[in-house]
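The values are calculated or read from the model by the stated rules, or taken from the named source; none is laboratory data. Here the structure is a predicted model, which is why all the values come from computation and not from measurement. Don't worry about glycine lacking a Cβ; one is built from the backbone with ideal geometry, like all the others, and counts go over all protein chains shown. Heavy atoms of the whole protein, side chains included, go into the accessibility calculation; ligands, DNA and RNA do not. Shrake-Rupley method; radii C 1.70, N 1.55, O 1.52, S 1.80 Å.
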Amino acid sequence: MAHIIIGSILTILFIFLILHARKKQFQVSWWQWILTILGLLYSGFVLEVIVSFLEEGAARAALVMGLALGFIAIVWAVLLGRFVFAHKSKS
């Protein structure tokens, strides 16, 4: 059940990003969308690793792998937000 929830949340997040980019009229190129999709897939991978370790009963392994892989996912999300989806002020 957790796998379906993770997939649903990632799909909703992707649709929200598309609608947000259209609403704010961002000029997002094709390679930026590819980076966004890869970032969402990687975030899904991190969540699935955590869920799989918890299903196996290895809570400590889920914590360690979640921290190690999750840090990369958070940095990726911050960079996407900063350089792709941030409002560019006109100077």
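Mean projection of the Cα convex hull over all viewing directions, computed for the chain: 6.5 nm². Taking only Cα atoms, what is the 0 to 90° angle, nearest 10, from helix 2-23's long axis to the longest principal axis of the chain? Approximately 10 degrees, to the nearest ten.
Length available on full extension from residue 72 to residue 54: 0.36 nm per residue minus the Cα-Cα distance, which gives 4.5 nm.
Accessible area per residue (1.4 Å probe, heavy atoms of protein chains only) ranks 56, 48 as 56, 48, with the largest value leading.
What percent do you get for the relative contact order of the chain when only Cα pairs under 8 Å and 6+ apart count?
Numbers: 41 pairs, mean separation 28.5, N = 91.
The value is 31 percent.
Just tell me the longest site-free run in the chain, where the sites are trypsin sites (Lys or Arg not before Pro) in a DSSP loop having at most 14 other beta-carbon atoms within 10 Å. Please report the intermediate quantities before stating the final value.
Working: sites that count: 24, 88, 90.
The answer is 25-87.
Ellipticity at 222 nm from helices only: DSSP H runs of n ≥ 4 in the chain, each -39500 (n - 2.57), divided by the residue count, give -29000 deg cm²/dmol. Counting only alpha carbon atoms, the long axis of helix 30-56 and the longest principal axis of the chain meet at about 20°.
Which FRET efficiency, nearest 0.05, do residue 42 and residue 87 yield, Cβ-Cβ r, R0 25 Å? Before the final figure, lay out each step's value.
Numbers: r = 25 Å, r/R0 = 0.99.
That pair, residue 42 with residue 87, gives E of 0.50.
Top to bottom by accessible area (1.4 Å), largest first, where do 18, 6 land? Can you show the working numbers first?
Working: 18 50, 6 20 Å².
Putting 18, 6 in descending order of accessible area: 18, 6.
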